[in-house]
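Enquirer: First the structure, then my questions, so here it is.
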Amino acid sequence: MSETLTDTTHDAALRSWVPSANDESTDFPIQNLPFGIFRRAGDEARVGVAIGDQILDVAACLVAGLFEDAGEEAAKLARGSSLNSLMHRGRGPASTLRRAASSLLREGTENGTKAAAIEARILVPMSEAVVLLPAKIGDFTDFYSSIFHAERVGRMFRPDNPLLPNYKYVPIAYHGRSSTIEVSGTDFRRPIGQRRPPNAPPEELPTFEPSHALDYEAEFGFFVGAGNRTGEAVPLDRAEDYIFGMCLLNDWSARDIQAWEYQPLGPFLAKSFASTISPWVVTMDALAPFRVGAYQRPDGDPQPLPYLYSEANERNGGLDITMEIAILSESMREQGMEPYVLSRSRFREFYWSIFQMLTHHTSNGCRLIPGDLIGTGTVSSSGADEMGSILEKTKRGAEPLTLPSGQVRSFVDDGDEIILRGYCEREGYRRIGFGECRARVLPARFLS
């Protein structure tokens with residue numbers, strides 16, 4: 001793993017000529033500059049950079065001749081309708097393009113003055129844009145790397161043995177379904193499937209009906225940049241070079257369908273109906289100031305096997321990111337209420353780092369390709385209320401929660417909208433964020 005250092009693009013004193021980027025509450029100050037795909041109504045999709053409440057149009061900057069030398073070459077890789085071409089070349093061109101965008105957007109510099117003079121040609125208000133999936137996602141893998149989530153959920157099903165013995169040795173994951181990953185703001189229908197109560201008598205048949213136990217799973221996702229060849233594992237010390245950036249991910253789950261179907265092969269229809277991601281990909285460069293040491297395992301826990309251990313990962317394999325989960329019910333929406341925050345949790349307490357996840361994923365020779373999405377698993381941490389799923393928060397529905405509207409929830413109801421936010425804060429640096437990842441649940445549509 002290469003040591004990641006901060007540079008001038010992280011300077012907290014930097015200001016942009018885009019006024020909204022200087023607002024202390026924005027997720028997208030000039031120190032962030034995440035990449036995404038957007039389009040205006042009737043226009044083609046193109047690559048953009050989020051800055052305050054605006055989008056810097058990379059193609060328009062190219063046409064205007066604002067990029068120079070290596071920045072221009074990197075921008076040419078970002079002329080399509082997805083980030084895949086930029087991802088394919090690894091972190092180098094993306095880092096170059098981010099630095100070039102930083103130069104163009106700075107206040108009081110020659111490059112910034114040139115760009116500001118033609119802002120109407122190169123900036124698009126977010127309010128006038130439609131955001132799209134940032135990449136053509138080939139494969140989706142979802143890990144299960146929060147030990148606090150694993151223990152809480154395990155205790156509900158196996159009170160005497162909540163954590164299976166392999167958990168502390170091997171990063172657990174399943175292969176998901178990329179075809180039902182949608183961008184934030186896309187509604188989806190409640191899934192229908194087979195369900196059978198866990199304590200049902202042997203003669204009771206399963207039913208086929210809408211899920212009664214729909215859950216959110218608040219996660220982060222990371223996109224693969226440069227891929228590896230089939231049969232070639234990625235060593236832990238090089239894993240960072242294969243990660244393009246991170247987004248928010250809600251891996252929706254139908255817990256009752258899952259409980260009936262998962263034995264003996266694991267998640268299937270309970271997970272494949274919908275996953276939601278945020279539109280802006282925060283680069284590993286932008287996250288550099290928020291790197292922390294890997295999670296310190298309690299005394300008595302085994303150290304990772306050698307292929308999953310390095311001094312560099314111990315020093316800076318973690319990421320200090322806060323996950324926030326909120327709900328907006330139909331009734332709350334009609335009454336003009338604000339979303340109600342259900343939980344906040346800390347990604348820095350993950351048992352396995354994203355670099356260990358990637359290395360383990362390739363350890364058997366599995367090929368990863370640019371644009372593959374890897375989920376971290378539910379972001380739950382050690383605090384009593386730091387839970388990334390409603391399954392945990394209501395103890396499998398046994399302790400329902402009450403919303404400000406007076407409504408009671410054991411699981412997610414039709415009309416509910418779940419909103420994820422993620423952000424990084426550290427003294428001496430500007431706060432940066434991921435934007436929002438939101439989706440609303442529509443009633444099930446029955447088979448005709």
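Since every read-out is calculated from the coordinates, none of them should be taken as a lab result. Since this is a predicted model, take the numbers as computed values, not measurements. Note that we place each Cβ from the backbone using ideal geometry, even for glycine, and neighbour counts take in every protein chain shown.
Enquirer: Among N166, G293, V408, flag the residue with its Cα farthest along the positive direction of the charge dipole of the chain, charges on Cβ as +1 for Lys/Arg and -1 for Asp/Glu.
Expert: Farthest towards the positive pole: N166.
Enquirer: Kirkwood hydrodynamic radius, segment 140-442, all distinct C-alpha pairs: what's the number in Å? Each step should come with its number before you reach the end.
Expert: On the way: mean 1/r = 0.0504 Å⁻¹.
Computed over segment 140-442, the radius equals 19.9 Å.
Enquirer: Suppose every K and R has +1 on its Cβ and every D and E has -1 on its Cβ; what is the size of the dipole of the chain about the Cα centre, in Debye to the nearest 20?
Expert: Working: 46 positive and 60 negative charges, 127 e Å.
Charge dipole, the chain, about its Cα centre: 620 debye, nearest 20.
Enquirer: Kirkwood Rh over Cα pairs of segment 356-406 into Stokes-Einstein at 10 °C, 1.306 mPa s: D in µm²/s?
Expert: On the way: Rh = 14.3 Å.
In µm²/s, the coefficient rounds to 111.
Enquirer: State, to one decimal in nm², a quarter of the convex hull surface area for the C-alpha atoms of segment 8-132, i.e. the direction-averaged projected area.
Expert: Values: hull surface 28.5 nm².
Here the figure is 7.1 nm², rounded to one decimal.
Enquirer: May I ask you to derive the FRET efficiency for A70 and N22 from their Cβ-Cβ distance with R0 = 35 Å, giving the value to the nearest 0.05? Numbers along the way, then the final one.
Expert: Values: r = 27 Å, r/R0 = 0.78.
Step by step, r from the Cβ atoms, then E = 0.80.
Enquirer: Using a ≥ b ≥ c from the Cα gyration tensor of segment 55-98 (square roots of the eigenvalues), is it rounded, prolate or oblate, where a/c under 1.5 gives rounded and otherwise the larger of a/b and b/c decides, a/b for prolate?
Expert: Cα axes put segment 55-98 in the oblate bin.
Enquirer: Report, in degrees rounded to the nearest 10, the 0 to 90 angle that the Cα long axis of helix 91-105 makes with the longest principal axis of the chain.
Expert: 60
Enquirer: Please list, by residue number, every one of the chymotrypsin sites (Phe, Trp or Tyr not before Pro) in segment 337-404 that is coil in DSSP and has at most 16 other beta-carbon atoms within 10 Å. Walk me through the intermediate numbers first.
Expert: Values: sites: Y340, F347, F350, Y351, W352, F355; in loops: F350, Y351, W352.
For chymotrypsin sites (Phe, Trp or Tyr not before Pro) across segment 337-404 that sit outside H, G, I, E and B with at most 16 neighbouring Cβ atoms in 10 Å, the list is empty.
Enquirer: Taking a spot 7 Å from the Cα of Q303 along the direction of its beta carbon, which residues of segment 145-168 have an amide N less than 18 Å from it?
Expert: Backbone N within reach: 168.
Enquirer: In which sequence would T207, T6, T362 go, from the one with the fewest C-beta neighbours within 10 Å to the one with the most?
Expert: Working: T207 12, T6 15, T362 22.
Final ranking by Cβ density, sparse to dense: T207, T6, T362.
Enquirer: Here's a follow-up. Can you give the Rg to Rh ratio for segment 172-293, taking only C-alpha atoms and Rh from Kirkwood?
Expert: On the way: Rg = 18.3 Å, Rh = 17.0 Å.
In segment 172-293, Rg relative to Rh is 1.08.
Enquirer: Taking the Cα-to-Cβ direction at E151 and at A233 and moving 7 Å from each Cα, how far apart do the two end points lie in nm?
Expert: 2.9
Enquirer: Then there's this: So if I place +1 on the C-beta of Lys and Arg and -1 on the C-beta of Asp and Glu, and nothing else carries charge, what would the dipole magnitude of segment 8-132 be about its Cα centre? I want it in debye, nearest 20. Could the numbers behind the result be given before it?
Expert: Details: 13 positive and 16 negative charges, 82 e Å.
The dipole of segment 8-132 has a size of about 400 debye.
Enquirer: Roughly what % of DSSP beta bridges within the chain run antiparallel, to the nearest 5?
Expert: Numbers: 64 of 72 bridges.
Close to 90 percent.
Enquirer: Given the rule -39500 (n - 2.57) for each run of at least 4 DSSP H residues, summed and divided by the residues of the chain, what is its mean residue ellipticity at 222 nm, to the nearest 500 deg cm²/dmol?
Expert: So the calculated ellipticity at 222 nm is -5000 deg cm²/dmol.
Enquirer: What is the Å³ per residue value for the convex hull set by the Cα atoms of segment 78-128? Working shown, then result.
Expert: Values: hull volume 5.1 nm³, N = 51.
Considering the Cα atoms of segment 78-128, their hull volume per residue is 99 Å³.
Enquirer: Tilt of helix 147-157 relative to the longest C-alpha principal axis of the chain, in degrees (0 to 90, nearest 10)?
Expert: Approximately 20 degrees, to the nearest ten.
Enquirer: Counting other beta carbons within 10 Å of each residue's own, what order do C424, C437 fall into, fewest first?
Expert: Numbers: C424 23, C437 28.
Fewest to most other Cβ atoms nearby, the residues stand as C424, C437.
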